[in-house]
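The values are calculated or read from the model by the stated rules, or taken from the named source; none is laboratory data. All figures in this text were calculated on a predicted structure; none of them were measured in a lab. FYI the Cβ positions are ideal-geometry reconstructions off the backbone, even for glycines, and counts take in every protein chain you see. The protein model used for the area step is the full one, side chains on, heavy atoms only, and it has no ligands, DNA or RNA in it. Shrake-Rupley method; radii C 1.70, N 1.55, O 1.52, S 1.80 Å.
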Amino acid sequence: MSNTAPSVERTEALPEETRHQTGGNGHTAFVPVSQLEEMIQQRLREERARLEREAGLAETTHTHFRRPEERPFTKAQRPHTTVLFGGLTWKHERILQGSIAGLGYKVMPLPNADKQSFQLGKEYGNNGQCNPTYFTVGNLVKYLQSLEGQGLTKQEIVDNYVYVTAGACGPCRFGMYEAEYRLALRNSGFDGFRVLLFQQGGGLDQAGLEAGLDLNIDFFIGMLNGMNFGDLLLDISDQIRPFEVNKGETDRVLRECVEYMYEVMKARRPYKLEGTLADVMWAKAPGLANTTEFLGKFLRQLFSDHFVDGLRWCFDRLNTIDVDYLRVKPICKVTGEFWAQTTESDGNFNMFPFLDREGAQVIREPVATWTSYLLNQAKNEARDRRGLKEGEEMPRWYQVGKHAQRELDFVKKLSLLWLAGKIYNREYNRLRAALGHKPHALVNQLELLRMGHPYYNSRAEGGEGHLEVAKNIYYSNKDLCHMVLSLKPFGCMPSTQSDGAQSAVISHFKDMIYIPIETSGEGDVNAHSRVQMALGEAKVKAKNEFARVLQETGRTLDDIRAYVDAHPDMQRPAWKIQHHKGVVGTAANFVKQVATLMDADEKGGRLRKLQKVAAMF
Ligand code: SF4
């Protein structure tokens, strides 16, 4: 359409036959005055429509969004359907693969997301999404395209693969992930590809009996176990790698351990109520049989040593690595948004290998913290909603029975959540014990809440909620790290809010070294150089601390080293370094511990000499 709007001359003063309009083409046409007003209105309508079209405001028919009907994934399709999943580290994913394969599925984790995944996510997805959406959605599209590249037709891919992922109803963009997957799949030509969700806040049974992916108690126990094993192996390897004497040995042994745990998980069969008595129960009282089997699964999880033995094997293997704990390393606690702080990919500028190359000791956040957080938030919600029932009015004061019922419901819910939290912690600690108690214990959620709430309302959910702020205070104030690095994705709403609150935190805790890094599909060099600068400060802090502690012991570094050389146990990962108040670094804490042992030995030696002299008389 032409940009020159046709001009209409005012012609009231002229006789009717002389009134005219000059068109944009320069021609003059006579128009009867009776039609002139209508013509103006028509032109206005056309022009308004053009402008609205250009601004994307053109009127369309609006229909309410309905979740597209999806072809079901049925039990009969299981043998020839591969379940795809991803989004964690390869260690978690390999172990989870073993767990899901042990339940009888064909299963495959996606390769790590990279920049191409990000570009594909942007190309096929909606505008204005957060960074992890682009990476994860694009990564699925990339993998499906690679299958096509291997010669599979689109129809074969759609028929023989499904993708399973966690879902939630928000409140951040996490609630949009499912829709984003579907949109990108449709736009990239994989319309009809099935995306299966397990709800992060859902219960233990989220699928019907004939569902292809049975999201039952076996599946959830397997998921929790797999994630815990991944967390713990990552944690212990992060404590060994910076001190390994032979470069690369930790990663080599870690790979062996992950493969071993994969086999351990795969070999595990779900508990089943079997035998003659069970047959009778299934026939006569299926409800009772079901409950008994459910309990059996729980009890076996709580008391069997199957997995504990697997982790003990890993610990023995890891303990063969030679370490030198006298190397001074700054400790960097990595926090941030869940995916950005977990992934080992371009999604966070490959931050973990970078920190390792730069000489830092890293403390990552285990996935288990997230599970504990969800449990704790559920407890808070139960407390906040005490006495309320959705869709019902509050009972009057005299309806004592109703009040009592609601109180009972509240106590029941809270007790179950409390019990779930206790069991989860107990399991985590049992597995930590198998790894010599080296991995960090889970941080108490109540403590985190108390620290974070004054800065970030703990009821504001979405993303990591108050955790980002709380972890920053917790790790810095308890002498657990020299610096905190927060990885927050571009476009992440909760992380942006956290950033605002972090300025108040930093102004209250002046000694804190805190650096937020916004992750996106580009800008690695800039991000790395900012981290390098903060790490420089942290290194100085660590070195000064080491020098101070060494001086306080009254020993020389050579004395300490000679003592360590004479004690091979101290050159093994199993050696437990005691944490001292006011001392952060591993090397500094180690020196303090060694000096104490040297003092004790000398005292003991003097005592033995005195005893010998006394024995002569
Ligand atoms: S927490 Fe942030 S990055 Fe993660 S899904 Fe929500 S908005 Fe996106």
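For segment 111-126, indicate whether the set of residues that are at pLDDT below 90, within 16 Å of the ligand (Cβ to nearest atom) and surrounded by 12 or more Cβ atoms within 10 Å (Cβ to Cβ) is non-empty. Even if it seems obvious, please write down each step before you answer.
First, the residues of segment 111-126 that are at pLDDT below 90: 125-126.
Imposing the further condition that a residue be within 16 Å of the ligand (Cβ to nearest atom) reduces the set to 125-126.
So of that shortlist, the ones also surrounded by 12 or more Cβ atoms within 10 Å (Cβ to Cβ) come out as 125-126.
Looking through segment 111-126, at least one residue is at pLDDT below 90, within 16 Å of the ligand (Cβ to nearest atom) and surrounded by 12 or more Cβ atoms within 10 Å (Cβ to Cβ).
Tally time: how many residues in segment 236-261 are out of contact with any helix residue (DSSP H, G or I) (no Cβ under 9 Å at 6 or more places or on another chain) and within 23 Å of residue 424 (Cβ to Cβ)?
0
Scan 520, 498 and give me the residue that is within 16 Å of the ligand (Cβ to nearest atom), modelled with pLDDT under 95 and over 29 Å from residue 444 (Cα atoms).
Numbers: 498 fails: over 29 Å from residue 444 (Cα atoms).
After applying the criteria, what remains is 520.
Checking residue 428 against (1) of a type outside the set (S, T, N, Q); (2) open to solvent by less than 10 Å² (accessible area, probe 1.4 Å); (3) farther than 30 Å from residue 305 by Cβ; (4) in contact (Cβ under 8 Å) with a residue 40 or more places away in the chain, only one condition comes out false. Which one?
The single condition residue 428 does not satisfy is (3).
Restricting attention to segment 577-591, does a residue exist that is among the hydroxyl-bearing types (Ser, Thr, Tyr), surrounded by fewer than 19 Cβ atoms within 10 Å (Cβ to Cβ) and under 27 Å from the mean Cα position of the chain (by Cα)? Give the derivation first.
Within segment 577-591, the first condition is being among the hydroxyl-bearing types (Ser, Thr, Tyr), and the residues that meet it are 586.
Of the ones still in play, those that are also surrounded by fewer than 19 Cβ atoms within 10 Å (Cβ to Cβ) are none.
For segment 577-591, residues among the hydroxyl-bearing types (Ser, Thr, Tyr), surrounded by fewer than 19 Cβ atoms within 10 Å (Cβ to Cβ) and under 27 Å from the mean Cα position of the chain (by Cα): absent.
Which condition breaks for residue 481 when tested against (1) under 17 Å from the mean Cα position of the chain (by Cα); (2) part of a loop (DSSP other than H, G, I, E, B); (3) crowded, with 24+ Cβ neighbours inside 10 Å?
(1)
Can you name the condition, by its number, that residue 529 falls short on among (1) of a type outside the set (Lys, Arg); (2) more than 30 Å from residue 458 (Cα to Cα); (3) surrounded by 13 or more Cβ atoms within 10 Å (Cβ to Cβ)?
(3)
Hey, could you check segment 368-404 for residues that are of a type in the set (D, E, K, R) and modelled with pLDDT under 90 and say which is farthest from residue 338 (Cα to Cα)? Please lay out each step first, then the result.
Within segment 368-404, the first condition is being of a type in the set (D, E, K, R), and the residues that meet it are 379, 381, 383-386, 389-390, 392-393, 396, 402.
Narrowing the set further to residues that are modelled with pLDDT under 90 leaves 389-390, 392-393.
Working: 389: 32, 390: 31, 392: 36, 393: 38 Å.
Filtering segment 368-404 for residues that are of a type in the set (D, E, K, R) and modelled with pLDDT under 90, the one farthest from residue 338 (Cα to Cα) comes out as 393.
Here is a list: 382, 340. Which entry is touching a helix residue (DSSP H, G or I) at 6+ places or on another chain (Cβ under 6 Å), in a helix (DSSP H, G or I), surrounded by 21 or more Cβ atoms within 10 Å (Cβ to Cβ) and not hydroxyl-bearing (Ser, Thr, Tyr)? Step through it out loud before you land on a result.
Numbers: 382 fails: surrounded by 21 or more Cβ atoms within 10 Å (Cβ to Cβ).
Only one candidate qualifies: 340.
Return the residues of segment 385-410 that are part of a helix (DSSP H, G or I) and closer than 27 Å to residue 464 by Cα; say none if nothing qualifies. Don't jump to the end; show me each part of the working.
Step one: of segment 385-410, the residues part of a helix (DSSP H, G or I) are 400-410.
Of everything in segment 385-410, just one residue is part of a helix (DSSP H, G or I) and closer than 27 Å to residue 464 by Cα, namely 410.
Residue by residue through segment 145-184, note down the ones that are open to solvent by 40 Å² or more (accessible area, probe 1.4 Å) and among the β-branched types (Val, Ile, Thr).
Scanning segment 145-184 gives a single hit, 153.
Do we have any residue at all in segment 366-374 that's part of a loop (DSSP other than H, G, I, E, B), buried (at least 17 other Cβ atoms within 10 Å of the Cβ) and within 30 Å of the chain's Cα centre (by Cα)?
Within segment 366-374, the first condition is being part of a loop (DSSP other than H, G, I, E, B), and the residues that meet it are 366.
Now drop any that are not buried (at least 17 other Cβ atoms within 10 Å of the Cβ), which leaves 366.
Narrowing the set further to residues that are within 30 Å of the chain's Cα centre (by Cα) leaves 366.
Checked against the condition, which is being part of a loop (DSSP other than H, G, I, E, B), buried (at least 17 other Cβ atoms within 10 Å of the Cβ) and within 30 Å of the chain's Cα centre (by Cα), segment 366-374 yields at least one hit.
Name every residue in segment 343-365 that is open to solvent by 10 Å² or more (accessible area, probe 1.4 Å), more than 14 Å from the ligand (Cβ to nearest atom) and not in a helix (DSSP H, G or I), in order of residue number.
344, 350, 358, 359, 361, 362, 363, 364
Just a yes or no: is a residue in segment 453-466 within 16 Å of the ligand (Cβ to nearest atom), buried (at least 17 other Cβ atoms within 10 Å of the Cβ) and free of Cβ contacts under 8 Å to residues at least 40 places away in the same chain?
Scanning segment 453-466, I find at least one residue that is within 16 Å of the ligand (Cβ to nearest atom), buried (at least 17 other Cβ atoms within 10 Å of the Cβ) and free of Cβ contacts under 8 Å to residues at least 40 places away in the same chain, so the answer is yes.
Looking at this structure, is residue 438 in contact (Cβ under 8 Å) with a residue 24 or more places away in the chain, within 16 Å of the ligand (Cβ to nearest atom) and open to solvent by less than 50 Å² (accessible area, probe 1.4 Å)? Please lay out each step first, then the result.
Numbers: in contact (Cβ under 8 Å) with a residue 24 or more places away in the chain: yes; within 16 Å of the ligand (Cβ to nearest atom): no; open to solvent by less than 50 Å² (accessible area, probe 1.4 Å): yes.
No: the conditions fail for residue 438.
Any residue at all in segment 131-144 that is among the basic types (Lys, Arg), in contact (Cβ under 8 Å) with a residue 12 or more places away in the chain and within 16 Å of the ligand (Cβ to nearest atom)?
Narrowing segment 131-144 to residues among the basic types (Lys, Arg): 142.
Narrowing further to those that are in contact (Cβ under 8 Å) with a residue 12 or more places away in the chain: 142.
From the residues that got through so far, the ones that are within 16 Å of the ligand (Cβ to nearest atom) too are none.
No, because not a single residue in segment 131-144 is among the basic types (Lys, Arg), in contact (Cβ under 8 Å) with a residue 12 or more places away in the chain and within 16 Å of the ligand (Cβ to nearest atom).
Output yes when any residue across segment 505-513 is within 16 Å of the ligand (Cβ to nearest atom) and not in a loop (DSSP other than H, G, I, E, B), and no when none is. Explain how you work it out, then say what you get.
Of segment 505-513, the ones within 16 Å of the ligand (Cβ to nearest atom) are none.
No, the conditions are met nowhere in segment 505-513.
Being more than 12 Å from the ligand (Cβ to nearest atom), open to solvent by less than 40 Å² (accessible area, probe 1.4 Å) and either assigned to a strand (DSSP E or B) or modelled with pLDDT of 95 or more (or both): is that true of residue 486 here?
yes
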